[in-house]
Structure formats: C-alpha cells, structure tokens
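Notes follow once the structure below has been shown.
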Amino acid sequence: AKDPVRVLVTGAAGQIGYALVPMIARGVMLGADQPVILHMLDIPPAAEALNGVKMELVDAAFPLLKGVVATTDAVEACTGVNVAVMVGGFPRKEGMERKDVMSKNVSIYKSQASALEKHAAPNCKVLVVANPANTNALILKEFAPSIPEKNITCLTRLDHNRALGQISERLSVQVSDVKNVIIWGNHSSSQYPDVNHATVTTPAGDKPVRELVADDAWLNSEFISTVQQRGAAIIKARKLSSALSAASSACDHIRDWVLGTPEGTFVSMGVYSDGSYNVPAGLIYSFPVTCKNGEWSIVQGLPIDEFSRKKLDLTAEELSEEKALAYSCLT
Ligand code: NAX
C-alpha cells in the first residue's frame with residue numbers, strides 16, 4: 001500500500017473548505033488508491049467550527065483517510081505536508097479599500113510562507129485559492145525562497161472549467177469532449193478566456209471551437225464576459241460565492257499537476273512567469289500548461305492574434321499594479 005500523503009487545507013472551516021476536504025478524503029484529488037492525512041488550519045474564531053468539520057470527517061468513515069489534524073497553529077498545520085491548498089484569507093468587505101484588504105492578505109501570506117518553508121515536506125506543492133490569488137501566491141513565493149518557484153501556483157482552473165462549461169452548453173456537446181481553452185492572466189475580471197486553440201472531439205475528429213460555434217461576435221464578447229463575471233453571477237444566485245466548483249477545480253489542478261495531463265490536452269494554471277508570450281517575468285500569471293512527472297510546463301509557440309495580445313497585456317498590467325500595491329504594504 002502507498003504511504004499517506006499529507007494535504008494541508010487552510011481556511012478549512014470556510015465554505016470552500018467544507019466542500020473540499022471530503023473530496024480529498026475520497027481520493028478525488030490524488031487518486032482512489034492514495035491514502036491521505038488531512039491537515040486543516042483556520043483561525044481561533046473558527047476553531048469550534050473546524051472541530052465540527054473534523055467530527056464529520058470521522059463520521060464519514062472515509063477508507064482513504066488515515067488521519068486528521070485540525071488546528072489554529074500554522075506550524076502544526078504545515079509540518080510535513082506534501083500538498084498545501086491555501087484557501088484561508090481575508091475577504092473584501094463592503095466599503096473596504098483595496099489596499100486594506102491587500103495589506104491583510106500580504107501579512108497572512110507572508111507568515112504562512114515562513115511556516116511552509118520551515119516545516120513542510122521538501123518539494124511540497126502549493127496551490128493558492130484565496131483572493132487575490134495570483135498576488136497572494138507571489139507573496140508566498142517571495143517569503144518562502146527555499147521552496148522552488150515551480151512549486152507555487154494559484155487557481156485559475158475554475159475559470160478554465162467555466163469556459164469549458166460555456167462552450168459545452170452553447171454547442172450542446174459533452175463538457176468532456178471540449179478541451180484546450182485557456183485562461184490567461186489574473187484570476188479576476190481582467191482574465192482573458194481564449195478559445196482560439198480549443199477543440200471539440202467529434203466522431204469525425206477534433207474540430208476547432210471557433211469553427212463549430214461559427215459566431216465570432218459571441219466568442220469575442222459575451223462568452224468572455226460570461227466567464228469573467230461568472231463568480232459574480234453565482235453570488236447573485238446563491239447569495240454565497242462559488243464553493244463546490246472551486247473545490248472541484250482545486251482537485252483538478254492538483255490531480256493534473258501530480259498525475260499529469262492527458263496527451264494532447266492542456267489546462268490553465270497560475271504560475272511564476274518566465275517571460276513566455278512576452279508576459280513580464282516575475283508575476284504569477286495564468287498560462288496554458290501541460291504536466292508530466294509532477295512538473296508543469298508552459299505550452300509554447302501558440303500563435304497570439306492582435307485581439308488576444310491586447311487582452312494578455314491588459315491582465316498583465318493589472319497584475320503588475322497588484323504586485324506594486326502588495327509591495328507597498330510590506331513597508
Ligand atoms: P470563507 O469566508 O467561507 O472561508 C474562508 C476561511 O478562511 C474562513 O473559515 C476563515 O476563518 C479562514 N481564514 C481567514 N484567515 C485565515 C488565516 N490567516 N489562516 C487560516 N484560515 C484563515 O470563504 P470561501 O468562500 O471558502 O472562499 C475562500 C477564498 O477563496 C476567498 O478568498 C475567495 O475569494 C477565494 N476564491 C477563489 C477562487 C479562485 O478561483 N481562485 C474561486 C472561489 C473563491 O471566491
């Protein structure tokens with residue numbers, strides 16, 4: 001039998017956490033044959049609720065779940081973890097300045113970076129979900145210099161999956177037959193959902209999404225804004241933000257990273273930019289990636305048209321501004 005993998009979930013008493021931990025315990029993230037030990041971190045006001053989640057995990061009697069650590073101590077939470085899913089953060093409340101929210105998250109991610117750097121297992125893979133996800137990941141990277149930069153990522157897979165969902169609905173095809181959409185840039189409304197390289201598997205082979213949809217006006221405006229604004233649409237409908245889809249997408253992100261992407265398929269991940277596609281180096285930016293042997297690589301050589309170029313640059317500019325704002329909170 002395999003040795004258990006230790007998976008940290010921060011903000012585990014929150015709504016995404018509540019959806020995510022049972023998925024991990026059922027093997028959705030790391031595979032049906034991979035035992036796990038869950039490490040759950042939250043802050044003291046949520047300690048009782050966190051303990052309730054632990055009780056439910058015990059009650060669910062998951063065969064793969066070999067242990068549960070529920071704690072408000074970051075060091076205890078981070079010790080020995082192989083995978084860290086960072087869902088905890090400070091939410092933007094009505095009337096709050098962007099800078100104040102940034103400042104709270106910078107201080108959270110700075111201190112959790114140190115805890116991970118000192119106590120996580122070597123080669124720990126980190127996924128930041130909490131917003132501002134790209135910039136929180138960048139701060140985590142800056143303050144955990146001994147964790148390889150390739151190990152620090154942020155979640156844009158939910159946006160990626162939303163784009164697949166929209167195409168599938170529009171064409172009345174199975175979502176599993178749609179692939180290779182791309183989310184470029186920030187996990188915010190400036191992101192660019194790109195279908196120029198996306199295809200649908202049909203009995204006659206793979207067909208470009210653009211050809212099948214045959215409506216560039218829709219693809220270049222409504223499709224893009226629907227994906228960009230989907231989070232807001234969920235809040236309007238549910239009076240709560242996306243949780244089950246965020247949790248499921250976080251599992252997809254880690255599963256593909258650890259176990260690999262299928263041949264011919266790429267997915268979107270927020271990763272440390274090396275300057276590919278003329279995106280400024282030193283930002284955490286969402287790119288198309290393939291994964292193999294536990295490592296992602298940015299898909300190279302995709303042609304970028306003028307329309308896309310502008311959108312790639314716009315979301316990069318927003319990320320550069322966020323980075324500057326985050327740094328201004330450090331002093
Ligand atoms: P909740 O407010 O339900 O849960 C957040 C939890 O984090 C709370 O239990 C809170 O006590 C805890 N927390 C706060 N500070 C902490 C700290 N320093 N250490 C550990 N835990 C801490 O929010 P939820 O709906 O679960 O969303 C969590 C985060 O995901 C938010 O930042 C949200 O904006 C972000 N999202 C990111 C998405 C993405 O695709 N990247 C999509 C969904 C979601 O909006």
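The values are calculated or read from the model by the stated rules, or taken from the named source; none is laboratory data. Model, not experiment: these values are computed from the prediction. Neighbour counts are summed over all protein chains in view; Cβ atoms, including those assigned to glycine, are modelled from backbone coordinates with ideal geometry.
Of the residues in region 130-138, none is part of a strand (DSSP E or B) and under 28 Å from residue 222 (Cβ atoms). Within region 12-33, the set of residues being farther than 12 Å from residue 255 by Cβ and either at pLDDT below 95 or within 16 Å of the ligand (Cβ to nearest atom) (or both) comprises 12, 13, 14, 15, 16, 17, 18, 19, 20, 21, 22. Among the residues of region 56-75, those identified as more than 13 Å from the ligand (Cβ to nearest atom), β-branched (Val, Ile, Thr) and in contact (Cβ under 8 Å) with a residue 24 or more places away in the chain are 68, 69.
Residue 42 falls short of the stated requirement of being more than 9 Å from the ligand (Cβ to nearest atom) and either in contact with a strand residue (DSSP E or B) (Cβ under 6 Å, 6 or more places away or on another chain) or at pLDDT 95 or above (or both).
Mind listing whichever residues of region 270-292 are within 21 Å of residue 176 (Cα to Cα) and surrounded by fewer than 17 Cβ atoms within 10 Å (Cβ to Cβ)? Break it down stepwise before answering.
Applying the first criterion (within 21 Å of residue 176 (Cα to Cα)) to region 270-292 yields 287-292.
The one that is within 21 Å of residue 176 (Cα to Cα) and surrounded by fewer than 17 Cβ atoms within 10 Å (Cβ to Cβ): 292.
Here 226, 153, 199 are screened, and the one residue that is in contact with a Gly (Cβ under 7 Å, 6 or more places away or on another chain), surrounded by 12 or more Cβ atoms within 10 Å (Cβ to Cβ) and among the β-branched types (Val, Ile, Thr) is 153. Selection within region 257-273: residues that are out of contact with any helix residue (DSSP H, G or I) (no Cβ under 8 Å at 6 or more places or on another chain) and of a type outside the set (Gly, Ala, Ser). The member of this set that is nearest to the ligand (Cβ to nearest atom) is 257.
Filter region 285-317 for residues that are closer than 9 Å to residue 185 by Cβ and of a type in the set (A, V, I, L, M) and give the result. Within region 285-317, 312, 314, 316 qualify. Inside region 270-284, residues that are aliphatic (A, V, I, L, M) and either without any contact (Cβ under 8 Å) to a residue 40 or more places away in the chain or not in a strand (DSSP E or B) (or both) make up a count of 3. Against the list (1) surrounded by fewer than 17 Cβ atoms within 10 Å (Cβ to Cβ); (2) closer than 24 Å to residue 106 by Cβ, the condition residue 137 fails is (1).
Per-residue answers, yes or no, for (1) on the phi < 0 side of the Ramachandran plot; (2) over 18 Å from the mean Cα position of the chain (by Cα); (3) without any contact (Cβ under 8 Å) to a residue 60 or more places away in the chain; (4) surrounded by fewer than 15 Cβ atoms within 10 Å (Cβ to Cβ):
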{"residue": "240", "(1), (2), (3), (4)": "yes, yes, no, yes"}
{"residue": "244", "(1), (2), (3), (4)": "yes, no, no, yes"}
{"residue": "257", "(1), (2), (3), (4)": "yes, no, no, no"}
{"residue": "261", "(1), (2), (3), (4)": "yes, no, yes, no"}
{"residue": "268", "(1), (2), (3), (4)": "yes, no, no, no"}
{"residue": "294", "(1), (2), (3), (4)": "no, no, no, yes"}
{"residue": "302", "(1), (2), (3), (4)": "yes, yes, no, no"}
{"residue": "322", "(1), (2), (3), (4)": "yes, no, no, no"}
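If only residues of region 84-113 that are part of a helix (DSSP H, G or I) and of a type in the set (D, E, K, R) are counted, the one that is nearest to the ligand (Cβ to nearest atom) is 104.
When you look at residue 125, is it crowded, with 16+ Cβ neighbours inside 10 Å, of a type in the set (Lys, Arg) and closer than 22 Å to residue 6 by Cα, yes or no? Steps first, please.
On the way: crowded, with 16+ Cβ neighbours inside 10 Å: yes; of a type in the set (Lys, Arg): yes; closer than 22 Å to residue 6 by Cα: yes.
Against the criterion (crowded, with 16+ Cβ neighbours inside 10 Å, of a type in the set (Lys, Arg) and closer than 22 Å to residue 6 by Cα), residue 125 qualifies.
Pairs meeting the criteria (first residue in region 76-91 and on the phi > 0 side of the Ramachandran plot, second residue more than 14 Å from the ligand (Cβ to nearest atom), beta carbons under 8 Å, at least 6 apart or on different chains) are 80/6; 80/119; 80/120; 80/121.
What number of residues within region 213-223 satisfy the criterion of being β-branched (Val, Ile, Thr) and surrounded by fewer than 12 Cβ atoms within 10 Å (Cβ to Cβ)?
0
With respect to residue 8, determine if the residue is under 25 Å from residue 148 (Cβ atoms) and of a type outside the set (Phe, Trp, Tyr).
Working: under 25 Å from residue 148 (Cβ atoms): yes; of a type outside the set (Phe, Trp, Tyr): yes.
So residue 8 passes the test.
Just one of the listed residues (9, 53) is closer than 25 Å to residue 104 by Cβ, at pLDDT 95 or above, within 14 Å of the ligand (Cβ to nearest atom) and within 22 Å of the chain's Cα centre (by Cα), and it is 9.
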